[in-house]
Amino acid sequence: MSDDGVGVRVAQRLQQEFRFPAGVTVLDGGTLGLDLLPRFEGVTRLLVIDALETGGPPGTTVRLVGDELPVALKTKLSPHQMGLQDLLAVAELQGNCPEEMILWGVQPANIEVGMELSAPVAAQLDFLVAKSLDELAAWGAHPATR
C-alpha cells in the first residue's frame, strides 16, 4: 500500500546491510497482526517502524514510547495497524507485553495500492534506518556492517 510499506523497507535495509547479535530479530510483521503473538514471548524490548498519522505534512517523523503507542495506533491508516494495536493489547493480557516499546512513525503521502514509496517518505528511509540503529545501540545491541 505505497507509503504503508515504509517499515518493510527499513527492515529490508537493516537485514541487507547489517548482521545483528543474538537476541535481536529484525522482522517484517506486515499484516500478520495476531499471528505475531507467539513472537512476543520473552521479548523485553520492541522497536516498530511504520506509517503513522502524525498530523504533519507527508514525511514528518515522530518517536513514540511506551504507553504512547496504543494511543497513536487508534488512528488507523491500514488493517495491520489495527492488528498491532490488538496485538499489544492481547500481549499485555497474556503478560507478554515488552517492557520497553518504541515506535518511529512517518506521515504517509499515499496509501493507495502500489509498491513505490512517495518522495517525502522515501526521503526518510536513511533517517529511519539510522534511528533504528541508534535505538538498538541504546539497548546495547550493536550490529556489524555486512
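The values are calculated or read from the model by the stated rules, or taken from the named source; none is laboratory data. This structure is a prediction, so every number in the text was calculated from the model and none was measured. No Cβ is skipped: glycine too gets one built from the backbone with ideal geometry, and neighbour counts run over all protein chains shown.
Brief remarks follow.
- Residue identified as surrounded by 13 or more Cβ atoms within 10 Å (Cβ to Cβ), under 16 Å from the mean Cα position of the chain (by Cα), over 27 Å from Gly42 (Cβ atoms) and modelled with pLDDT of 95 or more among Leu125, Leu136: Leu125
- Filter result for Gly30 (closer than 23 Å to Pro143 by Cβ and at pLDDT below 80): yes
- Residue check: Glu92 meets all listed conditions (1) closer than 16 Å to Gln107 by Cβ; (2) at pLDDT below 85; (3) out of contact with any Leu (no Cβ under 9 Å at 6 or more places or on another chain) but one, namely (1).
- Residues being at pLDDT 85 or above and basic (Lys, Arg) - total across region 43-84: 2
- Which listed residue is of a type outside the set (Phe, Trp, Tyr), touching a residue at least 24 places away in the same chain (Cβ under 8 Å) and surrounded by 15 or more Cβ atoms within 10 Å (Cβ to Cβ), from Gly23, Gly5, Gly55: Gly5
- Residues being closer than 21 Å to Gln107 by Cβ and part of a strand (DSSP E or B) - total across region 43-57: 5
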